[in-house]
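Read-outs: derived from the displayed coordinates by stated rules, not from any lab. None of the values given here were measured: they were computed from a predicted structure. All Cβ positions, glycine included, derive from the backbone under ideal geometry; neighbour counts span all protein chains shown.
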Amino acid sequence: MLGLMARLTRIVPLLLILAALAAVIYLVVTYRHSPARAKEILVTTFTWLCGAITVFFGLASLYALFESNSGVFDLAVSCVMVGVVGLLVTRWCNHVFLKHNPHYKKKSQKASTKLRWPWER
């Protein structure tokens, strides 16, 4: 347990950067639009960002595993865990947001066909 906590303290700068980025995004979008729109954009942005972090550090951990570099492997796996936890938190936040703001749910769009030359009349 202590080893896991020691590994997780190495990624505190990544968490601080993510928190600062979230605060800036929220404040800018709240100023330009509304708090509900800011929350929607924040959840979408961080879902993408946590997914990218998970994939990047997942590939880095595989590379470190193949190169038998245990220090880099521990750090990369810790960052993957942060990415996965971030994905879970953003999915939960999205669920809560859509529960309180049902009008933000994506609505299905009807397909339309456009007739083009040589078939148009």
Practice item. Return the FRET efficiency for the residue pair residue 24, residue 68: r is the Cβ-Cβ distance, R0 is 41 Å, and the value is rounded to the nearest 0.05. Key: 0.55
Practice item. Grab the beta carbon distance between residue 100 and residue 6, set R0 = 35 Å, and tell me the FRET efficiency rounded to 0.05. Key: 0.35
Practice item. Can you tell me the equivalent ellipsoid semi-axes for the range 41-100? Use √(5λ) from the Cα gyration tensor, largest first, whole Å. Key: 29, 9, 6
